[in-house]
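Step one of this worksheet: look at the structure below.
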């Protein structure tokens, strides 16, 4: 129904209507209607404030400020307009301006000064002026001893000082005011997580969730807590929690959650019996297989990440084989279909790394030919058969299936294995190429990633968004020279070697107003990245094919350059690093990831063996070598099954069969940083930093000589890679 612009509503009418939409979270409708009503009365302060509030809730802080400014043009001392403008500026990272507004409000001496003081304290804390924020929060509490927000924020300030005793005291004081405050329970959980008292932290997080199950940050904290907890006894409630966490977009790697969830399931005696069946599986095991298929957590784990567990891998191989060998007999067991679909998704996500026997290959060929015949005749194709095929090879590869052939039961499988691949092939045709790849090593690397785009990620974790570079650096615990900071907000960010796009998408969401340039050698990787960015709704990334060796052809400069896991695959990593440094603005930052020669000592040794044996990196050879490692009794060989990269084909190839690889020492990294005119800003690895600080001071975090000594005594601490930030101080690096 269209609104008649001539209709005049009483204020109470539109207020009730708009508030109903606002409270039910129909913000788009509330916004459209309120703007419509404003056309009839552009000086309605309640409406102007309401529109500002909607924009604030939608994180459109600049738009919110524009409406608060309209109110201030009518009344320059309007409390809500000034206060809300201050809150919006704080969200934008303009803490100094926010502080000015809150201090101005205090001079008017409203009866809500305790609220203003609380907001002032938050901005001071965000600016890093912790001691002053503590004073302000305490003044707010003196004015109103029952104002919960000030107790909570005071506790947070103490928490940022690592003063856990005072932080806990004020959080508990807050609970005396309101004993069902979910944010207080969440913050108490953080304290006990820091104290490594995980059971206690776990209880606080459960309390918080029971009061507000929609706060995704609490679910993330709970996930971190569960990852740290020692699981000795199966707990059904924890199984349900793992399932809920995997179904939410928490800021924790789903692969880690999946592995921990699997650890919990294996503590369940019934589940343990299911996975300890003697092979080969037969109809005698059918009831057990049905039980396994009915486990929702297990099915979800299969869908989100490669199973990094050899015992489970062997079970899944046998289950897949049993279905194929007995397909005509089991197709009537419709309750097995959802699990078979989950298994097909697992095989797709691990890139079909499971071993296949010759007999299975023969039966699969017969099945495919049978389906080809049905397609020609236009007869019904059972989804069981399609799902079974999808457990062995992605459906797109057969070039006979079209999405419209299938019913809704396997829709998600069809989207993943046919439609998405079709979309990527179309995207690939239109990828912008800066210049043809000329470097010999770059061509070899490009070929590898055209064959195996890496990594094939599925689940996305949305990062925290920042509106200030300083705030981001402080929150990350990084050292920086504020006098030489390139920009208060990074306008241009380069992801050099973006692969399949996860890092670029994270950067685009972390700095939503920045322009992201993401380059890679591989069109297959870029097409995957572009599809995923469209799927998530990212619009501030420019993807293009370009070699770091030709980076000057971009003809632009950047405030941040991220290059993780890339330089060590170049012919000359220092030259590549130097080229990147030349297009970084003074005061800008680089995030670098490089392999550690100490942590990868066993990998380097195995790569030498592979080279000596002249094993070419074909899929057949790589899978055979992997299978040999599984059954090799040599302890050094057995260690490889503990790497998560062992359980995905592209990752395994990248681990041991990469065409080009260099490893680094901390001494060499220190030398390169100095030669390029940078200062070391800090490592990214939280686990390493926590362990490092057990025997070192906070100031030592930026001393690479201390880190060198630390790594010698903790050889596997950088088993992934060194990941660190550096800041550019001068623009004339030495040769």
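The values are calculated or read from the model by the stated rules, or taken from the named source; none is laboratory data. These numbers were taken from a predicted model, which means no experiment stands behind them. Glycine gets a Cβ as well: all are built from the backbone with ideal geometry, and neighbour counts include every protein chain shown.
Being assigned to a strand (DSSP E or B), modelled with pLDDT of 95 or more and surrounded by 13 or more Cβ atoms within 10 Å (Cβ to Cβ) holds for only one residue in 592, 598, and it is 592. Scanning region 610-620 for residues that are free of Cβ contacts under 8 Å to residues at least 60 places away in the same chain and either within 20 Å of residue 720 (Cβ to Cβ) or surrounded by 14 or more Cβ atoms within 10 Å (Cβ to Cβ) (or both) turns up 610, 615, 619. Answer yes or no as to whether residue 400 is modelled with pLDDT under 90, assigned to a helix (DSSP H, G or I) and touching a helix residue (DSSP H, G or I) at 6+ places or on another chain (Cβ under 6 Å). When the stated conditions are applied, residue 400 does not pass them. Applying the criterion of at least 3 residues that are in contact (Cβ under 8 Å) with a residue 12 or more places away in the chain and within 18 Å of residue 428 (Cβ to Cβ) to the strands (runs of 3 or more DSSP E) found wholly in region 487-582 leaves 515-520, 541-545.
I'd like to check something: does region 176-190 contain any residue that is without any contact (Cβ under 8 Å) to a residue 12 or more places away in the chain, assigned to a helix (DSSP H, G or I) and surrounded by fewer than 24 Cβ atoms within 10 Å (Cβ to Cβ)? Within region 176-190, one or more residues are without any contact (Cβ under 8 Å) to a residue 12 or more places away in the chain, assigned to a helix (DSSP H, G or I) and surrounded by fewer than 24 Cβ atoms within 10 Å (Cβ to Cβ). Taken over region 682-702, the criterion of being out of contact with any helix residue (DSSP H, G or I) (no Cβ under 7 Å at 6 or more places or on another chain), under 19 Å from residue 480 (Cα atoms) and surrounded by 15 or more Cβ atoms within 10 Å (Cβ to Cβ) is satisfied by 684, 685, 702. Report yes if residue 110 is farther than 30 Å from residue 511 by Cβ and part of a loop (DSSP other than H, G, I, E, B), otherwise no. So residue 110 fits the description; yes.
Might you check whether a residue that is free of Cβ contacts under 8 Å to residues at least 60 places away in the same chain and assigned to a helix (DSSP H, G or I) occurs anywhere in region 677-685? No, because not a single residue in region 677-685 is free of Cβ contacts under 8 Å to residues at least 60 places away in the same chain and assigned to a helix (DSSP H, G or I).
Residues in region 414-456 that are in contact with a helix residue (DSSP H, G or I) (Cβ under 8 Å, 6 or more places away or on another chain), under 14 Å from residue 530 (Cβ atoms) and outside any helix (DSSP H, G or I): 431, 453. Only one of the listed residues (77, 125) is loosely packed, with under 15 Cβ neighbours inside 10 Å, in the same structural domain as residue 31 (by TED's automatic domain parsing) and in contact (Cβ under 8 Å) with a residue 24 or more places away in the chain. That residue is 77. Scanning region 633-669 for residues that are over 30 Å from residue 355 (Cβ atoms) and buried (at least 17 other Cβ atoms within 10 Å of the Cβ) returns 663, 664, 666, 669. Of the residues in region 143-155, at least one is farther than 22 Å from residue 185 by Cα and not assigned by TED's automatic domain parsing to the domain that holds residue 490.
When the test is whether a residue is over 21 Å from residue 475 (Cα atoms) and in contact (Cβ under 8 Å) with a residue 24 or more places away in the chain, residue 155 does not pass it.
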